[in-house]
Every structure is written in C-alpha cells, then in structure tokens.
Amino acid sequence: MFIVVEGPEGAGKSTLVRWLAARLLGEGREVVSVREPGGTPVAEAARKVALKSRHEMSDAAELFLILAARADLVARVIRPALEEGRIVVADRFDLSTSCYQVAGRGLPREDVEAALRLATGGLVPDLTLVLDLPVAVGRERQRQAGKSQDRFEREDDAFHERVRVAYAEARGPGVVHLDAGGTKQAVQEAAWREVAAATALSMRGMS
C-alpha cells in the first residue's frame, strides 16, 4: 500500500510521516518511509540543486529536476517495496507537482501531467492525506522552529497562497483532507483513522 502525506509549508508533513511509519511498525507492518525529492543518490543530488541552489533556474528546469528525483525513487525504492508487500509512506508525491509547479509556477497542466506519468510509470498513491493549513500559520511554525529556508520556502506569500488553494481544492480517489491547525495529537489521530481504515481494506482484499 502506498500512502502519501501532502500539504503546504509548515503543515507538519515530515513529523506525521515519521509518526505514521512508527505506528505502522508497532502494528507489525513492514514499512518504508521516503521523502521527496530524495531517497536515492540520484534523487538526493537533484534535491540539492532544486532546493538549495542559489542560481536562477527556469520553471521547466525545476520541474525536471524534481521529476528526475521522483523517477529514480519510484524505480529503485517505491515500486520494489510495494512489490515485496510493504507499506510505503511518502513525504510528498504527485500532488506536490500539481500544486507547486502548476498552480504555483503556472506551468501548463496537461504538459506537466504527461511528464509526471512518465516519471512515475503511472504509479498513484492508494491514500493521500492532505494537511490543510493557512500560509501565515505555516510560516510562523517554521519561524519558531528556526528552520532554514529552501528555494520554495523563500517564495512570496502570493506563491504560497496559490499552492495552499490548490491543495485545498484537491479531490480524487483516496484523497482525504485533514485540518492541520489543531494539536499534533489531533492530527495524528485523524490521520491514523484514515490509514487504519485503508490498510484494513487492503488486507481484506488480499485474503
């Protein structure tokens, strides 16, 4: 089963991914957790350029760096883990591309989606947990945490508002929205209800 946690900056994606992976392991499941972009030597190299480079780059170049990272991660980590019957929990996946590169950057949706299908080989998550959070709240959380900003986080509020709206409007099979403005425990409990239900269905389907 393939589970993805999505959402705008400061929503708590990474924290929730770590918690879900630990909880699933505690339930006796075999789990692989990954982050995007990253997870393989090639993907980590692409991540460094896409997120940390101080050089100017075109929006298309940024897109292809992210998709190169994703293509390698899918081929070398995600698909093999799924084929072995493991649960994969990812910090970002395809929805991030729609929200950041299409809504945020303004790249043409049809072209981006075609490139995305090529990068993933058509792989889609079974469950996508979208953490909804206002831009100002996310920025304040990051400020309080003392987090250094990457290229995306340094973008202005207008960019991040476009991304937030795209996340809020996301719909589709397996897409579930969670209010990330509550306590960490409340978010974890809401996420676990969705994951537990989805994994139970998955196990029943295998029996």
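The values are calculated or read from the model by the stated rules, or taken from the named source; none is laboratory data. Just so it is clear, the structure is predicted and the values come from calculations on it, not from any experiment. Cβ placement follows ideal geometry from the backbone for every residue including glycine, while neighbour counts extend to all protein chains displayed. Please note that ligands, DNA and RNA were not included when accessible areas were found on the heavy atoms of the full protein model with its side chains. Shrake-Rupley method; radii C 1.70, N 1.55, O 1.52, S 1.80 Å.
Quick check on Arg70: is it buried (at least 20 other Cβ atoms within 10 Å of the Cβ) and of a type outside the set (A, V, I, L, M, F, W, C)? In short, yes. Taking segment 92-114 as the range and being more than 10 Å from Arg162 (Cα to Cα), in contact (Cβ under 8 Å) with a residue 40 or more places away in the chain and open to solvent by less than 20 Å² (accessible area, probe 1.4 Å) as the test, the residues that pass are Phe93, Ser96, Gln101, Val112. The set of residues from segment 6-45 being without any contact (Cβ under 8 Å) to a residue 60 or more places away in the chain and part of a helix (DSSP H, G or I) comprises Arg18, Ala22, Leu25, Gly26, Pro41, Val42, Ala43, Glu44, Ala45.
Could you check Ala81 against (1) assigned to a loop (DSSP other than H, G, I, E, B); (2) more than 15 Å from the chain's Cα centre (by Cα); (3) under 19 Å from Arg18 (Cβ atoms); (4) at pLDDT 95 or above and say which number it fails? So Ala81 meets the others, but not (1).
Looking at this structure, is Ala136 within 16 Å of the chain's Cα centre (by Cα), outside any loop (DSSP other than H, G, I, E, B) and of a type outside the set (Lys, Arg)? Criteria not met by Ala136. Here Val124 fulfils each of the conditions (1) closer than 29 Å to Val187 by Cβ; (2) open to solvent by 30 Å² or more (accessible area, probe 1.4 Å); (3) assigned to a helix (DSSP H, G or I) apart from (3).
Examine segment 168-188 for a residue that is touching a Cys at 6+ places or on another chain (Cβ under 9 Å), under 29 Å from Ala46 (Cβ atoms) and modelled with pLDDT of 95 or more, and state whether such a residue exists. Yes, some residue in segment 168-188 is touching a Cys at 6+ places or on another chain (Cβ under 9 Å), under 29 Å from Ala46 (Cβ atoms) and modelled with pLDDT of 95 or more. Scanning segment 46-73 for residues that are in contact (Cβ under 8 Å) with a residue 12 or more places away in the chain, out of contact with any strand residue (DSSP E or B) (no Cβ under 7 Å at 6 or more places or on another chain) and assigned to a helix (DSSP H, G or I) yields a total of 19.
Taken over segment 30-60, the criterion of being open to solvent by less than 70 Å² (accessible area, probe 1.4 Å) and among the basic types (Lys, Arg) is satisfied by Arg47 alone.
Inspect all residues belonging to segment 142-150 and state whether any of them is at positive phi and either open to solvent by 40 Å² or more (accessible area, probe 1.4 Å) or outside any helix (DSSP H, G or I) (or both). Looking for residues that are at positive phi and either open to solvent by 40 Å² or more (accessible area, probe 1.4 Å) or outside any helix (DSSP H, G or I) (or both), one finds at least one in segment 142-150, hence yes. Any chance you could count how many residues in segment 8-29 are on the phi > 0 side of the Ramachandran plot and either at pLDDT 95 or above or surrounded by fewer than 22 Cβ atoms within 10 Å (Cβ to Cβ) (or both)? Qualifying residue count for the region: 2.
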